[in-house]
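Below is one structure, written out as structure tokens; comments come after it.
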There are 2 protein chains.
Amino acid sequence: MTTIQDQTTIITNQANLAAFDLSSYLAQIQPQVEAALDNSLPVVYPEKIYEAMRYSLLAGGKRLRPILCLATCEMLGGTTAMAMPTACALEMVHTMSLIHDDLPAMDNDDYRRGKLTNHKVYGEDIAILAGDGLLAYSFEYIAKATQGVPAEQVLQVIAQLSHAVGATGLVGGQVVDLECEGKSDTSVETLTYIHTHKTGALLESCVVCGAILASASAEVLQKLSRYAQNIGLAFQIVDDILDITATQEELGKTAGKDLQAQKATYPSIWGLDQSRRQAQKLVDEAKAELASFGEKGRPLMAIADFITSRTH
Amino acid sequence: MTTIQDQTTIITNQANLAAFDLSSYLAQIQPQVEAALDNSLPVVYPEKIYEAMRYSLLAGGKRLRPILCLATCEMLGGTTAMAMPTACALEMVHTMSLIHDDLPAMDNDDYRRGKLTNHKVYGEDIAILAGDGLLAYSFEYIAKATQGVPAEQVLQVIAQLSHAVGATGLVGGQVVDLECEGKSDTSVETLTYIHTHKTGALLESCVVCGAILASASAEVLQKLSRYAQNIGLAFQIVDDILDITATQEELGKTAGKDLQAQKATYPSIWGLDQSRRQAQKLVDEAKAELASFGEKGRPLMAIADFITSRTH
């Protein structure tokens, strides 16, 4: 039973939540991330590889992954400075996966974020090496640039991130995705495996790494894992929906690509309406995990909402 | 001036060194490394990627890198158990670099260690992902499987290894190597840059990581870095010589490849004789760095000698 005081708290919280301005929050934090990314990787000899790495790393994008990491760390009492190297590393890993996914032997994409893909500019050989370089550097950067965090926790962050990238995560998801290409009978379970690994694992890692850096308890880590798993899957469902409903200009990449490749997607299995409902349900569940953090959870709440409302 | 006691010590050391049986040492340590590598990476869903990773990781080879790591750690009073996860990780990273180097967009090799290359068996897409998976897993494995070593040192190992793999090491060396392909006017300086980065950085990392795990002082780390840099370069010069003088059967890979690709090599710049002399000089200098370790340095001394005497 809810007491009057509880109800007042709930109403106050909702008012606060409604008042939270995600645009202002992002406008304040995105330039910090851009600057940190720019500083993280200076160009030295042999210039070509650094330029190729920077071409994709600094190609814009929402910077959702670094921001999730920073917002989680701050929510739990940590500082931006403490989490920034890991936040940059998460974007490096994400960029590596995009560069390699775009290769002719993989998804064979010419455009990404409205720009030519890495291999179209630098050649396949350099694109492969730029991905390798970013992946290796992400771990070096966490290990060397993180300050004010005990080594034990930095090591946990590295273990967590590498698990999210390898065959247990992103790479595993991509393998199953490739296996399912051109198959129209992919089950929802397989599709969910693909996305919880190909996209979800890294998004979860952003939140969990931010929490580890802020010395979160096991209980808090679990709540935040569930939050991240839910928004990760919602994110992918919305991506599938946008692939059908958005234009190439809005997406900054080839639209209708999934349909052309005869890839199974949530809309192709559930239809658009049920896909939208499912994404909303996942976002609601994600937000429920944040209830105990009160006002401090507002940035992560707003990011969850942003996922279903975005148009590109 | 050398005293009689010094001279006796030197003679005794030389007798001991002569008596050291590298074959027995390798016969004892190689199966331990093979077993550890086999255990490090079990096959789970999605099986195909684990099989592809294991196909190249367990394709034999001398296991020089893990052995260098283990031998260094033991020389300095550490245990095999302490260094084995890092030793396996070093072989994972080396394997990743071979898989990616062999790709059609890179060196386009069909054979490696007498077996079909990874992409010839599993396809280019899986080969790219198998490399990514091994690279990511190498860091996870160090972070999670290393026991009995303070987190601070494990973190140093990760920083050291990632630095040796990225654009500051292996990837950088490979980029300059690609740039020099088909050019007959490559300078010795550029050739040395290529090899100290493409091969040398990882070999150095094997020795330095083994030393870090055994809590080596900065002075010892410097000596061992120089040892490793010297044997790394000697190793590459011998590799270049063998590419000309050995048969395909001995090498287990396409022979005369450098000549065909019009790659600059040490023999093409210096001739075979001077290349052999230079390799021997580097090995002698490497061994001189080990003088202060006395009898305990015998495995690393013997490994240095092995590099110039090997025929494949």
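Coordinate-derived values only; no laboratory data. These figures come from a predicted structure and were not determined experimentally. Glycine also receives a Cβ, built like all others from the backbone with ideal geometry; neighbour counts cover every protein chain displayed.
Phi-derived couplings, Karplus 6.51 cos²θ - 1.76 cosθ + 1.60 at θ = phi - 60°, listed residue by residue for segment B:299-310: x, 5, 4, 5, 5, 4, 5, 4, 4, 7, 8, 5 Hz, with x used for Gly and Pro.
Computed over chain A with a Gaussian network model linking Cα atoms closer than 10 Å, the most mobile of A:H163, A:H195, A:H94 is A:H163. Along the charge dipole of chain B, pointing to its positive end and built from +1/-1 on Cβ of Lys, Arg, Asp and Glu, which listed residue (B:T196, B:G78, B:N39) has its Cα farthest out? Of the candidates, B:G78 comes out farthest on the positive side.
Normalised by 2.2 N^0.38 Å, with N the number of residues, the alpha-carbon radius of gyration of segment A:173-212 equals 1.40. If you take the alpha carbon atoms of segment A:26-113 and fit the smallest convex hull around them, that volume is 94 Å³ per residue. Computed from point charges on the beta carbon alone (+1 for Lys and Arg, -1 for Asp and Glu), the dipole magnitude for segment B:4-309 about its Cα centre is near 440 Debye. Put a plus charge on the Cβ of each Lys and Arg, a minus charge on the Cβ of each Asp and Glu, and nothing anywhere else: the dipole of the protein assembly as shown about its Cα centre is then about 660 debye.
Largest GNM mean-square fluctuation among B:P299, B:P267, B:P150, using chain B with Cα springs under 10 Å: B:P150. Label-to-label distances for B:E179 across copies, nearest first, come out at 4.1 nm, using points 7 Å from Cα in the beta-carbon direction. Residues whose amide H comes within less than 5 Å of that of B:Y111, counting only those at least five positions distant or on another chain, are B:T117, B:T254 (H built at 1.01 Å from N in the peptide plane).
The slack in the chain from B:D110 to B:K62, taken as 0.36 nm per residue of separation less the alpha-carbon distance, amounts to 15.3 nm.
Here the Karplus curve 6.51 cos²θ - 1.76 cosθ + 1.60, taken at θ = phi - 60°, turns the phi angles of segment B:63-79 into couplings of 6, 4, 5, x, 5, 4, 5, 5, 5, 5, 4, 5, 4, 9, x, x, 10 Hz, with x standing for Gly and Pro.
For chain A, the spread of Cα positions along the three principal axes, ordered from largest to smallest, is 65, 48, 32 Å.
Per-residue 3J(HN,Hα) values for segment A:112-120, derived from phi via the Karplus relation 6.51 cos²θ - 1.76 cosθ + 1.60 with θ = phi - 60°, read 8, 6, x, 10, 4, 5, 3, 5, 5 Hz in sequence order (x marks Gly and Pro). Placing +1 on the Cβ of every Lys and Arg and -1 on the Cβ of every Asp and Glu, with no other charges, gives segment A:16-97 a dipole of roughly 160 debye about its Cα centre. With a 10 Å cut-off around each Cβ of B:68-76, the average count of Cβ atoms from other chains is 0. For segment A:60-196, the Cα-based Rg and Dmax, in that order, read 16.6, 51 Å. Sorted into 20 angstrom bins from 0, the C-alpha pair distances of the protein assembly as shown split as 19, 50, 25, 6, 1 percent.
With springs only between Cα atoms under 10 Å apart, run a GNM on chain A and tell me which of A:S138, A:S40, A:S24 wobbles the most. Between A:S138, A:S40, A:S24, it is A:S24 that shows the largest mean-square fluctuation.
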